[in-house]
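Below you'll find the structure, written out as structure tokens, and then a few comments.
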Amino acid sequence: MAFLRKVGRVGGAANMDFANAMGLDESPSGGTKSSYHEDGFKNVRKAKSAYIPCTTSGVIDDVTEPFPFTSSGSQWMGITDRVMGGVSNGSLSRETVQGKNANVLRGEVSLENNGGFIQMATDLALDPGMDPFVDASEFDGVELEVYCEGADVEEKFNVHLRNPACDRQFSSYRATFAIRPGQWATVRLTWDSFEGYGPGPSVTPFVPILRRLGVVAIGEAKSIVLAVGKVGFYRVI
């Protein structure tokens, strides 16, 4: 147990410190399901039949389930650039921010050792053992409610998506959004705003057959406080 705490795999029921967490994302298979709830969280996932798949409801997480679970039956995880030898660190917690429940990513992004990111991520399939992907093609993009703290007029963050083309380390489709610190904002990212990075996605047109979504602070050394409320897909009517 002491070792698991050291590498960031366990924590309190409302907080996970993943300062040294490694190997949970960006691997060829995308890593394994987080085991935070098994080794430290008092909250237990409901039966799969009790959840509505995210492509049925359009909701990935509305922050109504006990942390770290999503309302669509998956689980939030924290990942840092230590998967590639970096030194960034962070924590992920459930908090109330300006009256709104949110999952809050806090940490320090460092560019040392060719690193430079921290992120919160979740798989999207309700039953990855049956099929690790979900078909979101009936929707027009990703929508999320976000809040941040920072000294700049605007702070930039990414959403990273992984689909069947992302079979190599660090491959993903990425879109950037900018928000003003100190206030909640609703961000919509269309499918065509996602650009491919890494082997596979860089030469493969994006299709919304998705395995994982991550909200990422990347590319700039700074302190991060990023709150994410409701996350899901949207349709333009």
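The values are calculated or read from the model by the stated rules, or taken from the named source; none is laboratory data. Because the structure is a prediction, the values reported are computed rather than measured. We place every Cβ from the backbone using ideal geometry, glycine too, and count neighbours over all the protein chains shown. These accessible areas exclude ligands, DNA and RNA; they are computed on the full protein's heavy atoms, side chains included. Shrake-Rupley method; radii C 1.70, N 1.55, O 1.52, S 1.80 Å.
Figures for the structure shown
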| read-out | value |
| --- | --- |
| Cross-chain or 6+ apart pairs with Cβ under 9 Å, the range 182-202 first and among the β-branched types (Val, Ile, Thr), then assigned to a loop (DSSP other than H, G, I, E, B) | Thr190/Asp140; Thr190/Val236 |
| Residue in the range 55-73 that is among the acidic types (Asp, Glu) and out of contact with any strand residue (DSSP E or B) (no Cβ under 7 Å at 6 or more places or on another chain) present | yes |
| Filtered residues of the range 90-127 (kept if open to solvent by 40 Å² or more (accessible area, probe 1.4 Å), farther than 21 Å from Ser74 by Cα and not in a strand (DSSP E or B)) | Gln98, Gly99, Leu111, Glu112, Asn113, Asn114 |
| Residue within the range 61-81 that is part of a loop (DSSP other than H, G, I, E, B), among the polar types (S, T, N, Q), crowded, with 23+ Cβ neighbours inside 10 Å and in contact with a Phe, Trp or Tyr (Cβ under 8 Å, 6 or more places away or on another chain) present | yes |
| Filter pass, Val87 being open to solvent by 40 Å² or more (accessible area, probe 1.4 Å), out of contact with any Lys or Arg (no Cβ under 8 Å at 6 or more places or on another chain), more than 21 Å from Ala217 (Cα to Cα) and free of Cβ contacts under 8 Å to residues at least 60 places away in the same chain | no |
| Residues within the range 161-208 that are farther than 15 Å from Leu144 by Cβ and of a type in the set (Phe, Trp, Tyr), tallied | 4 |
| Gly219 vs. criteria without any contact (Cβ under 8 Å) to a residue 60 or more places away in the chain and on the phi > 0 side of the Ramachandran plot | no |
| Residues of the range 218-230 that turn out to be over 17 Å from Glu149 (Cβ atoms) and open to solvent by less than 10 Å² (accessible area, probe 1.4 Å), as a count | 0 |
| Qualifying position, being at pLDDT 95 or above, at negative phi, among the hydroxyl-bearing types (Ser, Thr, Tyr) and in contact with a helix residue (DSSP H, G or I) (Cβ under 6 Å, 6 or more places away or on another chain), among Ser137, Ser57, Ser72 | Ser72 |
| Neighbours by Cβ (under 8 Å, 6+ apart or cross-chain): first from the range 165-177, in contact (Cβ under 8 Å) with a residue 24 or more places away in the chain and over 13 Å from Leu213 (Cα atoms); second part of a strand (DSSP E or B) and of a type in the set (Lys, Arg) | Phe177/Lys156 |
| Members of the range 118-130 found to be within 12 Å of the chain's Cα centre (by Cα) and either more than 19 Å from Gly90 (Cβ to Cβ) or not β-branched (Val, Ile, Thr) (or both), listed by number | Gln119, Met120, Ala121, Asp123, Leu124 |
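This table checks each residue for (1) under 17 Å from the mean Cα position of the chain (by Cα); (2) open to solvent by 30 Å² or more (accessible area, probe 1.4 Å); (3) farther than 19 Å from Thr56 by Cα.
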{"site": "Val134", "(1), (2), (3)": "yes, no, no"}
{"site": "Gly141", "(1), (2), (3)": "yes, no, no"}
{"site": "Asp152", "(1), (2), (3)": "no, yes, yes"}
{"site": "Phe177", "(1), (2), (3)": "yes, no, yes"}
{"site": "Gly182", "(1), (2), (3)": "no, yes, yes"}
{"site": "Ile209", "(1), (2), (3)": "yes, yes, no"}
{"site": "Leu213", "(1), (2), (3)": "yes, no, no"}
{"site": "Val216", "(1), (2), (3)": "yes, no, yes"}
{"site": "Gly232", "(1), (2), (3)": "yes, no, no"}
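To keep it simple, each residue is scored yes or no on (1) under 25 Å from Cys54 (Cα atoms); (2) outside any loop (DSSP other than H, G, I, E, B); (3) in contact with a Gly (Cβ under 8 Å, 6 or more places away or on another chain); (4) of a type outside the set (Gly, Ala, Ser).
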{"position": "Glu143", "(1), (2), (3), (4)": "yes, yes, yes, yes"}
{"position": "Phe157", "(1), (2), (3), (4)": "yes, yes, no, yes"}
{"position": "Cys166", "(1), (2), (3), (4)": "yes, no, yes, yes"}
{"position": "Phe170", "(1), (2), (3), (4)": "yes, no, yes, yes"}
{"position": "Ala175", "(1), (2), (3), (4)": "yes, yes, no, no"}
{"position": "Thr186", "(1), (2), (3), (4)": "yes, yes, no, yes"}
{"position": "Leu189", "(1), (2), (3), (4)": "yes, yes, yes, yes"}
